[in-house]
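What follows is a short report on a single structure.
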């Protein structure tokens, strides 16, 4: 059982459903912030003839993904700072991009946002446009409900720091409303969406979107 399954079973089920339903066999996937390959694991369970390009700043995580023995997916790992890529005027990774069918990004975007989250989301969609000629985007991330008192969030962050050694500041998260607003401006339609309270302790929301170009 992966950390994702063990900690957030419902989030895992949403991601697994999305990958099984909205990705086709014999596809090429670009996974942004792939970590140790949770999305590659799901793709291998549900599809055949797959290729996945995983991008992450953590070389150790990439190496662990590459060492996994998959039956239905070939993986290649690239060590890049995605935040630096998204800050470019022309945010591309390869001089000659492979033909990508689907871009996935799950629980990673908040790790690379700065003070201007609107610009960060715009840069993300510029990257999508440069990297994906046609196809789908599968995206998921977190944000704190607007109704939670700041004191409650601060107390929860202290709990995380004590138990797991780190906690993402709430201002790093991009709310679903902003993501949806900018996706429409770039001409994408949401063909499937889901949102839940991801953990029982506090209303940390997980939102999940599957996008296609209108």
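The values are calculated or read from the model by the stated rules, or taken from the named source; none is laboratory data. All of these numbers come straight from a predicted model, not from anything done at the bench. Neighbour counts are summed over all protein chains in view; Cβ atoms, including those assigned to glycine, are modelled from backbone coordinates with ideal geometry.
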*If you go through the range 42-59, how many residues are surrounded by fewer than 22 Cβ atoms within 10 Å (Cβ to Cβ), in contact with a helix residue (DSSP H, G or I) (Cβ under 9 Å, 6 or more places away or on another chain) and assigned to a helix (DSSP H, G or I)?*
2
*Scanning for something surrounded by 15 or more Cβ atoms within 10 Å (Cβ to Cβ), assigned to a helix (DSSP H, G or I) and at pLDDT below 90, does the range 117-128 turn up at least one residue?*
no
*Among residues belonging to the range 60-78 that are touching a residue at least 24 places away in the same chain (Cβ under 8 Å) and farther than 24 Å from residue 127 by Cβ, point out the one that is surrounded by the most Cβ atoms within 10 Å (Cβ to Cβ).*
70
*Determine, yes or no, whether residue 55 is under 18 Å from the mean Cα position of the chain (by Cα), closer than 27 Å to residue 133 by Cβ and modelled with pLDDT of 95 or more.*
no
*Of the residues that make up the range 131-146, is at least one in a helix (DSSP H, G or I) and either in contact with a helix residue (DSSP H, G or I) (Cβ under 8 Å, 6 or more places away or on another chain) or under 25 Å from residue 16 (Cα atoms) (or both)?*
yes
_I need the full set of residues from the range 194-214 which are surrounded by 15 or more Cβ atoms within 10 Å (Cβ to Cβ) and under 20 Å from residue 108 (Cβ atoms), in order please._
194, 196, 198, 199, 204, 205, 206, 207, 208, 209, 210, 211
